[in-house]
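Encoded as structure tokens, the structure appears first; notes follow it.
The values are calculated or read from the model by the stated rules, or taken from the named source; none is laboratory data. Fair warning: this is a prediction, and the values are worked out from it, not measured in the lab. As a convention, Cβ positions derive from the backbone with ideal geometry for all residues, glycine included, and neighbour counts pool all protein chains shown. Side chains included, ligands, DNA and RNA excluded: accessible areas come from the protein's heavy atoms. Shrake-Rupley method; radii C 1.70, N 1.55, O 1.52, S 1.80 Å.
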Amino acid sequence: MLPRVTDRPLDDHLRDDLFTPLGMGDTGYGTPASAAHRLPAAYRHDEAGLVEVEPAGGGFWDGMGWGYGLGVQTTGDRAGRVGWSGGLGTDYFVDPDGTIGILLTQVEMGPALMPLLRELQELV
């Protein structure tokens, strides 16, 4: 819909009409290869503490493409909630009333992170 309204790609619209006017020069629709070295590393908990599993700007994303998919809660008190939990410690949801919850970490999903994820889901 937005490309029809602005008559240009979404990434161009965001850069020209939002990020640049707000002085957000390092914000964009994607990360150019020349800035990949600035991406944060990903970590996992183990017996010794945090262990780096994906270095900053690592080669994992080469050749990757992503579709837009999410989960929908179909029953219970939160029926209609949509969201996504990512394997590297991210989670978000949007409720039908517009309530939004977001969790961003740099720690891979696992037993140490699951209580925090459950708490976020139960907040509202």
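Take the Cα pairs of the chain, get the Kirkwood Rh, then feed it into Stokes-Einstein at 10 °C and 1.306 mPa s and tell me D in µm²/s. Roughly 91 µm²/s, to the nearest whole number.
Here the spin labels are modelled as points 7 Å beyond Cα on the Cα-Cβ line, and at Asp95 and Asp26 they lie 3.4 nm apart. Split the accessible area of the chain by element, probe 1.4 Å, and carbon with sulfur accounts for 58%.
If the segment from Ile102 to Gln73 were pulled out straight at 0.36 nm per residue, it would be longer than the present Cα-Cα gap by 8.8 nm.
Annotation: per residue accessible area for the chain equals 72 Å², rounded to a whole number [probe 1.4 Å, protein chains only]. Computed from the Cβ-Cβ distance with R0 of 22 Å, the FRET efficiency linking Arg118 to Val53 stands at 0.45.
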